[in-house]
Amino acid sequence: MSKDNSVTDTATPLAAILLVFAAGVLFSFLDTSAKYLGAAGLAPPFIAWVRFAVHLVLAVLILRPWRHRTAFRVASAPLQVLRGMFLFGATFFNFQGLKTLQLAEAVSIFFFAPMVITALAGPFLGEWAGWRRWAAIIVGFAGVLVITRPGLGVFEIGHLYLICAMLSYSSYVIMTRKMSATETAESLIFYSALAPVILMAPAVPFYGSMPASVVEWGVLLSLGIYGGLGHWLLIKAYGQATTGALAPYPYLQMVWMIMLGYLVFGDVPDGFTLSGAAIIVASGLYIVHRERRLRLRSASAPNAETGSLSKRL
């Protein structure tokens, strides 16, 4: 039994790795495009709304809900709406922060999300972390402090926006894990776009500002494609390999963000940003490693008491 689980958890198909790789590139294009549009004068709430509107159109065309109505029935409409707004909040706060922060700074803070998810999984999902993982969370938070350096005149409103984006995204992931037992994958994809598009539509007349050129229109409309296609590729990837097996590869997005930040905006991350990012990534990878070992140990434990004990370590 333990041998089979080990193979399943470690034998990662190349196709799944490439899908995660491609998703990271698309998400990097998404953030770069949002920063470009923000610099051009478009309001982040409007940019985020268009991103979800295009995403919704793509979801309708691909999923065709009128032909598969049963797949779009929901067990809890309020939770679907709340989950969608958490995702919108993550996008909005991210776009708002990108107006003043470098791409590398933004993605470094966002990479702290897996550690927050590990912490929240205890009270909300009953998946309590042991002292080793809590130590990794504390070290990862130290990495965030290295990047933001509060009290030294470096911390700014952009850092606060990115922290809010990271917390909102972590809440979105926790809700996704909790709702996946009662909601279909189709409904989770569809309503996560529908809810923010409808609820935020009244704000569009106040924040909407038309792009000044054909290029800006193209970049604006591309946001939904980058975001929607990126999430679809991740779904396909996690259908071929376990979450733990693929967990290290999203960190490659740091490379693309640094490259795009330099090529498009001429940004070069300083030593504090790179050092903090390295601390966060190392902490995240340790948590991935630890959770994988616990899964294998629990699967091979001779009894339930031993398996429960291993999870607390």
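Taking all protein chains as present, what is the carbon and sulfur share of the accessible area of region 122-166, in % to the nearest whole number, probe 1.4 Å? Could you put the intermediate results ahead of the total?
On the way: 1760 of 2390 Å².
With neighbouring chains kept in place, the figure for region 122-166 is 74 percent.
Please get the size of the charge dipole for the chain, origin at its Cα centre, with Cβ charges of +1 on Lys and Arg and -1 on Asp and Glu, quoted in debye to the nearest 20.
Details: 22 positive and 13 negative charges, 177 e Å.
Computed about the Cα centre, the dipole is about 860 debye.
Would you calculate a helix-derived [θ] at 222 nm for the chain, using -39,500 (n - 2.57) for each DSSP H run of n ≥ 4 and dividing by the full residue count, to the nearest 500? Walk me through the numbers on the way to the answer.
Details: 15 runs with 239 residues, N = 313.
When only DSSP H runs of four or more count, the value is -25500 deg cm²/dmol.
With protein chains left intact and a 1.4 Å probe, residues in the chain average 48 Å² of accessible area per residue.
Among the chymotrypsin sites (Phe, Trp or Tyr not before Pro) in region 21-122, which ones are in a DSSP loop with at most 12 other Cβ atoms within 10 Å of the Cβ? Mind listing them?
Working: sites: 21, 27, 29, 36, 46, 49, 52, 66, 72, 86, 88, 92, 93, 95, 110, 111, 112; in loops: 66, 111, 112.
Within region 21-122, the qualifying chymotrypsin sites (Phe, Trp or Tyr not before Pro) (loop, at most 12 other Cβ atoms within 10 Å) are 66.
When the Gaussian network model of the chain links Cα atoms closer than 10 Å, the mean-square fluctuations of 41, 84, 284 top out at 41.
Where Rh is the Kirkwood radius over the Cα pairs of region 1-129, the temperature 4 °C and the viscosity 1.567 mPa s, what D in µm²/s does Stokes-Einstein return? Intermediate results must be reported in sequence, preceding the final value.
Details: Rh = 18.0 Å.
For these conditions, the coefficient is 72 µm²/s.
By the scheme Lys and Arg +1, Asp and Glu -1, what is the net charge of all other residues having a beta-carbon under 13 Å from that of residue 183? Could you put the intermediate results ahead of the total?
Values: positive: 73, 83, 177, 178; negative: 186.
Neighbour charge sum, excluding residue 183 itself: +3.
Over all other residues within a Cβ to Cβ distance under 15 Å of residue 271, the charged ones net out to -2, with Lys and Arg as +1 and Asp and Glu as -1. Between 222, 209, 192, the Gaussian network model of the chain with springs among Cα atoms under 10 angstrom shows the greatest mean-square fluctuation at 209. Result for the chain in a Gaussian network model with C-alpha springs under 10 Å: among 135, 212, 193, the largest mean-square fluctuation is at 212. Among the lysines of the chain, pairs that are 8 or more positions apart or on different chains and have alpha carbons within less than 23 Å of each other number 4. Using 0.36 nm per residue and subtracting the Cα-Cα separation, the extra length available between residue 135 and residue 73 on full extension is 18.2 nm.
How much of the pair distance distribution for region 146-203 lies past 19 Å, counting alpha-carbon pairs only, in percent? Mind showing how you got there, number by number?
Working: 869 of 1653 pairs.
Tail of P(r) above 19 Å: 53 percent of Cα pairs.
Can you list which of the DSSP-assigned H helices in the chain have a Cα extent of 18 Å or more along the long axis and an average Kyte-Doolittle score of at least -1.0?
14-39, 44-63, 77-98, 131-148, 157-179, 185-200, 214-238, 271-300
The values are calculated or read from the model by the stated rules, or taken from the named source; none is laboratory data. Since the structure is predicted, the reported quantities are computational estimates derived from the model, not experimental observations. Note that each Cβ is placed from the backbone with ideal geometry, even for glycine, and that neighbours are counted across all protein chains shown. Areas reflect the complete protein model, heavy atoms only, side chains present, ligands, DNA and RNA absent. Shrake-Rupley method; radii C 1.70, N 1.55, O 1.52, S 1.80 Å.
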